[in-house]
Amino acid sequence: MTSVLTVAAWVIFGCFGLALSIIDIREHRLPNKLVAIAAGAGLVAVAASSISASEVGELLRAVLGAVIVFTALFSMALIAPTGLGMGDVKLGALTGLYLGWLGWSWLFWGTLIGFALGAVWAVGLILLKRAESSTPIAFGPFLILGVVVSALLAI
């Protein structure tokens, strides 16, 4: 995974991830259109990189990763509707795409890293008396950060 197309796919993720993180931090929402465009652009980029490298299995794993993370987050949102927003659920498709592209173990670890970083942040805010357990926290940036940390560890 070191071609120009691979680098382009990661640049696309980074640009959309940064924009979505900023919006989520400021507004506590992830715009459907932007998440959809990010997922579409990511899918095209991952597909182009995988197909050009004759690694169609990578593409299939990426698509399955998107479905798995989306489904897991959707299930969590149904079980605890106040705990996870639907923007985060939709973002899960994008993060799952890239984590799945990295590999099956990264799909698990990258998602776990995102949840762990979000939990540490929330607990830190509560301990510093800057938030309560009911205070909404932008979770999208932590899902995105889980992918970034995973990609850096996978290098």
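Applying 1/(1 + (r/R0)^6) with R0 = 35 Å to the Cβ-Cβ distance of LYS129 and ILE37, what FRET efficiency is obtained, to the nearest 0.05? All intermediate terms of the calculation are to be shown ahead of the outcome.
On the way: r = 39 Å, r/R0 = 1.11.
Result of the calculation: an efficiency of 0.35.
Hey, got the dipole for the chain? About the Cα centre, +1 on K and R Cβ, -1 on D and E Cβ, debye to the nearest 20? Walk me through the numbers on the way to the answer.
Numbers: 7 positive and 6 negative charges, 53 e Å.
Charge dipole, the chain, about its Cα centre: 260 debye, nearest 20.
If you average the sequence gap of Cα pairs under 8 Å that are 6 or more apart and divide by the length of the chain, what percent do you get for the contact order?
Working: 200 pairs, mean separation 40.0, N = 155.
Averaging sequence separation for qualifying contacts and normalising by length gives 26 percent for the chain.
For segment 77-135 and segment 1-65, write down the distance between their C-alpha centroids in whole Å.
Between the Cα centre of segment 77-135 and that of segment 1-65, the gap is 18 Å.
If R₀ is 30 angstrom, what is the calculated FRET efficiency for the pair GLU55 and VAL11, using the beta carbon separation as r and rounding to 0.05?
Details: r = 19 Å, r/R0 = 0.64.
E(calc), rounded to 0.05, equals 0.95.
Along the positive direction of the dipole of segment 4-154 (beta-carbon charges: Lys, Arg +1; Asp, Glu -1; about the Cα centre), which of HIS28, TYR98, GLY65 reaches farthest?
Going by the charge dipole, the pick is HIS28.
Output the peptides 95-108, 20-33, 123-136 sorted from most to least packed, where packing is the average of other Cβ atoms within 10 Å over each peptide's residues.
Working: 95-108: 23.5, 20-33: 15.6, 123-136: 9.9.
Ranked by mean Cβ neighbours within 10 Å, highest first: 95-108, 20-33, 123-136.
Bear in mind that the values in this text are calculations on the coordinates, not laboratory data. Being a predicted model, the structure only gives us computed values, none of them experimental. Note that each Cβ is placed from the backbone with ideal geometry, even for glycine, and that neighbours are counted across all protein chains shown.
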